[in-house]
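The values are calculated or read from the model by the stated rules, or taken from the named source; none is laboratory data. In this text, all values refer to a predicted model and were calculated from it rather than measured experimentally. As a convention, Cβ positions derive from the backbone with ideal geometry for all residues, glycine included, and neighbour counts pool all protein chains shown.
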Amino acid sequence: MRSELEQAAYIDRYLLDQLDEEACTAFEEKMARDPELATTVRAQGTTHSLVRRFYARQEQLNEIFHSLMKERTFAAQIKTLFA
């Protein structure tokens with residue numbers, strides 16, 4: 001289990017461009033020789049992308065909500081719905 005966590009952390013560092021050039025090259029060579037590792041890296045990269053998109057969407061929704069709450073009538077209607 002610990003080695004899986006360490007591998008996930010290392011893949012994160014790779015995906016976030018936190019490895020030096022030598023480590024990055026070595027890791028890419030390892031992925032080229034290990035299809036299972038390459039698949040894991042792609043899956044983890046997809047997860048990173050989905051999390052970033054979800055967070056961006058949440059930020060947009062928060063901005064819309066705060067803008068709407070500045071409108072007195074909207075804010076009053078929302079407060080009565082949840083009172």
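Counting only helices (runs of 4 or more DSSP H) that sit wholly inside the stretch 1-81, not one has at least 2 residues that are touching a Gly at 6+ places or on another chain (Cβ under 9 Å) and at positive phi. Across the stretch 48-65, a minimum of one residue is classified as modelled with pLDDT under 95, hydrophobic (A, V, I, L, M, F, W, C) and over 20 Å from the mean Cα position of the chain (by Cα).
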